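The values are calculated or read from the model by the stated rules, or taken from the named source; none is laboratory data. Here the structure is a predicted model, which is why all the values come from computation and not from measurement. Cβ placement follows ideal geometry from the backbone for every residue including glycine, while neighbour counts extend to all protein chains displayed. All accessible areas refer to the heavy atoms of the entire protein, side chains included, with ligands and DNA or RNA removed. Shrake-Rupley method; radii C 1.70, N 1.55, O 1.52, S 1.80 Å.
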Amino acid sequence: MFVDLVIAGMFAMMLVPLITAYCAYSYGRSFWLWFALGMVLPIVSYFVLFALILRQQLDHGQRLLNEAKSVLAEAEKAEREVK
C-alpha cells in the first residue's frame, strides 16, 4: 500500500514538469532545460513558459516569420513530390 502511494506521488510530481517540457519542446525550446526548471519550480516554470510563448505569438514579426517558414516547408515538400 505504501509503495503504491509513493509511486502515485512520484507520478503526480512528474506530471507538471513533463507538461512544461513538452510545451517548451513544441515551441522549439530545450526539453531537458524546461524539465529541470519544472522539477525545481513546478508552477512558476509553467507560467514563465506560458508568458514566453504568449510574447512570441503576439509579436507580429515572429508570426510572419513562422508563416514564411511553413510556406517554404510546404513548397519544398511539393517540389520533392514532383521529382
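Using the beta-carbon distance between residue 27 and residue 77 and R0 = 30 Å, what value does 1/(1 + (r/R0)^6) give for FRET efficiency, to the nearest 0.05? It would help to have the intermediate numbers written out before the result.
Numbers: r = 22 Å, r/R0 = 0.72.
So, using R0 = 30 Å, E works out to roughly 0.90.
Can you give me the relative contact order of the stretch 1-82 as a percent, contacts being Cα pairs under 8 Å and 6 or more apart?
Reported as a whole number, the value is 19 percent.
Summed over the residues of the stretch 1-82 and divided among them, the accessible surface reaches 81 Å² per residue at a probe radius of 1.4 Å.
Where in the stretch 9-41 does the amide nitrogen come within less than 17 Å of the point 7 Å from the Cα of residue 55, taken along Cα to Cβ? Residues 24-25, 27-30, 34 fall inside that zone. Carbon-plus-sulfur accessible fraction, the chain (probe radius 1.4 Å, protein heavy atoms only): 72%. Among the listed values (i) 94; (ii) 119; (iii) 71, the one computed from these coordinates for volume of the Cα convex hull per residue in Å³ is (ii).
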